[in-house]
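In what follows, a single structure is set out as structure tokens and then discussed.
The values are calculated or read from the model by the stated rules, or taken from the named source; none is laboratory data. Remember, it's a predicted structure, so these values are computed and weren't measured experimentally. A quick note on method: Cβ atoms are made from the backbone with ideal geometry, for glycine too, and the neighbour counts reach across all protein chains shown. Areas reflect the complete protein model, heavy atoms only, side chains present, ligands, DNA and RNA absent. Shrake-Rupley method; radii C 1.70, N 1.55, O 1.52, S 1.80 Å.
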Amino acid sequence: MSALTGSRARAHGVSLREAFDVWARIAVLSFGGPAGQIALMHKVLVEEKRWLSESRFLHALNYCMLLPGPEAQQLATYVGWLMHGTLGGVMAGGLFVLPGAAAIMGLSVVYVLFGKIGVVAAALFGLKAAVLAIVVEAVIRIGKRALASRALQAIAAAAFASIFFFDVAFPLIILGAGLVGYFGGRRGWPQFSGRAHASGTKTDDSLLGDLLPLHTTASARKTLQCVTVCLFLWLAPVTILALTLGPANVFSQIAVFFSKMAMVTFGGAYAVLAYVAQQAVDEFHWLHSHEMLDGLGLAETTPGPLVIVLQFVGFLAAYREPGVLSPIFAGALGGLLTTWVTFTPCFLWIFLGAPYVEQLRDNRALAGALTAITASVVGVILNLAIWFSIHVLFHETAPVRGLGFSFEIPLLASVDPLALLLTIGAAFALFRFGLGAPRTLALCTAAGVLLFIFGAAPAQALARRERQAMRVGVDYSLAPMSFAALWHASHA
């Protein structure tokens, strides 16, 4: 360990080895999509380990919500960088992706060799019930801390209504909330002070405190160095493939296409998967629409960012156009290439912007903007929780369109009683008995598998849904095509 790294460790008392163990634990438990993953990091980093304060955690989260790419992975990178510099950021962000990437790679091989395995789908059936309860817990926990005033509660409610009832684009919601908070903070309104949502105590007893470590200092030299290294690591493979193999080669197409996706994936995985599905199915013919949904189901069974499903797409693309390589080896290379060009830019956004964001923590206007963005994110997470609950607990939904409205309502007659029972059980495990996310996930997953083994309804429902997914032809003529519509088309 270098002298500089050692001084940082002594400043806050957390060694790099201890940090590795914590990030590894978070990585293997990061189920539940961004809401569950952010909640898990908050519980471990703020409540258990007390590495950083509530306000500092939310300050980092606010910045990550503004970036393209998976916000939870970028939040891990930000906190890792804040604690231990570039090495800490690479370690935290890399570990966050690694378990899911390894799992998806293995599941992709199983998928192409053996097809869908019923027990995996059954495990997913139970897993979703636990994930739903975890997401609800995340909304409650983050909401209690982030919505400390009526003004912030109003912003959260407006954000929820905008995205749920009117299908307003996520970036517009963030932009609107940021502008409200910016002018509120500039005027000195206490609701947008940036501290209103803190834990309620005036003393910051976190290990990091208000410390601004040496490595967080922004400079032109560091900025140029960061941009040069990150752009080289990201774009050098893309350029080499395009020049040596030509634009028509599948590896060149994967590198270029997913590099573009890395720059425009605002709003999380659900905001971009419909476009990826459309291009992968209709434009490149890498896979079928039902296979895209199969990949999403596999991604939901693994830890890490849901956008890791893109690795499954890249795997199938190269598997079906292997050239002189063996299909499995080509698929593995395609999957790894997809993951590389998808996540490498995430480190660029953090290492480039975080030093400036840290130095502006006491800027009233910026603090107000980020505080308002946090409130709007609570509304967006609530929308995710409701959307997820509808599709976990009900087989059918009905669209509501007109007068500016655009949303789906569940058909009560299509409720899945076993899914409802498992969700209630997961909620009791979390809220009543305090079993925690890992044990709740394990219990619900085991329950889903047992139901499948004994031939209960999940086995029949899963088989029926698979047959319907095989028959469905997704209509991409409507633009923009929402992922909710894609999901509904496969389960109607």
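Odds and ends about this structure:
- Going through (1) open to solvent by 80 Å² or more (accessible area, probe 1.4 Å); (2) assigned to a helix (DSSP H, G or I) one by one, Asp205 falls short only on (2).
- On inspection, Thr344 fails the criterion of being in contact with an Asp or Glu (Cβ under 6 Å, 6 or more places away or on another chain) and either open to solvent by less than 30 Å² (accessible area, probe 1.4 Å) or not polar (S, T, N, Q) (or both).
- Qualifying positions in segment 137-163 - among the basic types (Lys, Arg) and touching a Leu at 6+ places or on another chain (Cβ under 7 Å): none
- Listing of helices (runs of 4 or more DSSP H) fully contained in segment 11-120 that carry 1 or more residues being in contact (Cβ under 8 Å) with a residue 40 or more places away in the chain and at positive phi: 33-41, 71-114
- Contact annotation: residue pairs with Cβ atoms under 6 Å, 6 or more positions apart or on different chains, pairing a residue in segment 431-450 that is among the polar types (S, T, N, Q) with a partner that is surrounded by 13 or more Cβ atoms within 10 Å (Cβ to Cβ) and at pLDDT 85 or above, are Thr440/Ala426; Thr440/Ala429; Thr440/Leu430.
- Cβ pairs under 6 Å, 6+ apart, first in segment 173-189 and surrounded by 21 or more Cβ atoms within 10 Å (Cβ to Cβ), second at pLDDT 90 or above and assigned to a helix (DSSP H, G or I): Ile173/Ala159; Ile173/Ser162; Ala177/Ile155
- Remark: pairs (first residue in segment 340-363, farther than 19 Å from Val238 by Cβ; second residue modelled with pLDDT under 95 and not in a helix (DSSP H, G or I); Cβ separation under 7 Å; 6+ apart in sequence or on different chains) = Pro355/Thr217; Pro355/Ala218; Tyr356/Ala218; Glu358/Leu212; Gln359/Ala218.
- Near pairs, Cβ below 6 angstrom, 6+ apart or cross-chain, from segment 308-335 (crowded, with 24+ Cβ neighbours inside 10 Å) to any residue that is of a type in the set (Ser, Thr, Tyr) and assigned to a helix (DSSP H, G or I): Leu310/Thr338; Leu310/Thr342; Gln311/Thr338; Gln311/Thr339; Phe312/Ser108; Gly314/Thr338; Phe315/Ser108; Gly331/Tyr319
- Of all the numbered requirements in (1) part of a loop (DSSP other than H, G, I, E, B); (2) at pLDDT below 70, Ala463 misses one, and that requirement is (1).
- Only residues that are modelled with pLDDT under 90 and buried (at least 20 other Cβ atoms within 10 Å of the Cβ) were counted in segment 424-443, giving 3.
- Residues within segment 140-150 that are open to solvent by 30 Å² or more (accessible area, probe 1.4 Å) and among the small types (Gly, Ala, Ser), tallied: 1
- Annotation: of all residues in segment 395-423 being among the polar types (S, T, N, Q) and under 27 Å from the mean Cα position of the chain (by Cα), the one that is surrounded by the fewest Cβ atoms within 10 Å (Cβ to Cβ) is Ser406.
- Residues considered: Val110, Val119, Val90. Of these, the only one that is modelled with pLDDT of 90 or more and open to solvent by 40 Å² or more (accessible area, probe 1.4 Å) is Val90.
- Each residue in segment 138-181 was checked for being in a helix (DSSP H, G or I) and either of a type outside the set (Gly, Ala, Ser) or modelled with pLDDT under 85 (or both), and 25 pass.
- Selected residue [among the aliphatic types (A, V, I, L, M), more than 17 Å from Leu298 (Cβ to Cβ) and at pLDDT below 90] from Val79, Val135: Val135
- When Thr374 is tested against (1) modelled with pLDDT of 85 or more; (2) crowded, with 24+ Cβ neighbours inside 10 Å; (3) closer than 24 Å to Ala72 by Cα, exactly one condition is not met: (1).
- Residue within segment 20-38 that is more than 14 Å from Thr374 (Cα to Cα) and in contact with a Lys or Arg (Cβ under 9 Å, 6 or more places away or on another chain) present: yes
- Residues (in contact with an Asp or Glu (Cβ under 8 Å, 6 or more places away or on another chain) and in a strand (DSSP E or B)) located in segment 399-439: Pro399, Val400, Ser406, Phe407, Pro410
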